[in-house]
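See structure below.
Throughout, read-outs are computed from the coordinates displayed, never taken from laboratory work. Quantities reported herein were computed from a predicted structural model and do not represent experimental measurements. Every residue, glycine among them, receives a Cβ derived from its backbone with ideal geometry; neighbour counts consider all protein chains shown.
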C-alpha cells in the first residue's frame, strides 16, 4: 500500500498521506474552510468526529460529504466553496 496519494483540491493536485482525512488535506493545502454558510460566512471543521457537519464539501461529485470522516484516496476530486 502506498504511503501517499494524489488528490485534487479545488483544481490543484496535492499529495496526502494515506492516513490523512480529507478535512486535514484541505487545511494542509492552505484552504482555510470547506464551505460557506447561507450568509456567506466561511465554515470549516469544528468537532473532527462527524457530529457538527461544518466540514462538508463536494467529493467526487457528491455534495455535503463530511470531510472529517473520510480518508484521502487516490484520484479523489475535492471541491470546497473556497
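Worth a mention:
- Enumeration of residues in the range 72-81 that are under 9 Å from the mean Cα position of the chain (by Cα) and either within 11 Å of residue 7 (Cβ to Cβ) or part of a loop (DSSP other than H, G, I, E, B) (or both): 72, 78, 80
- Subset of the range 45-70 (residues that are under 16 Å from residue 7 (Cα atoms) and under 9 Å from the mean Cα position of the chain (by Cα)): 57, 58, 59, 65, 67, 68, 70
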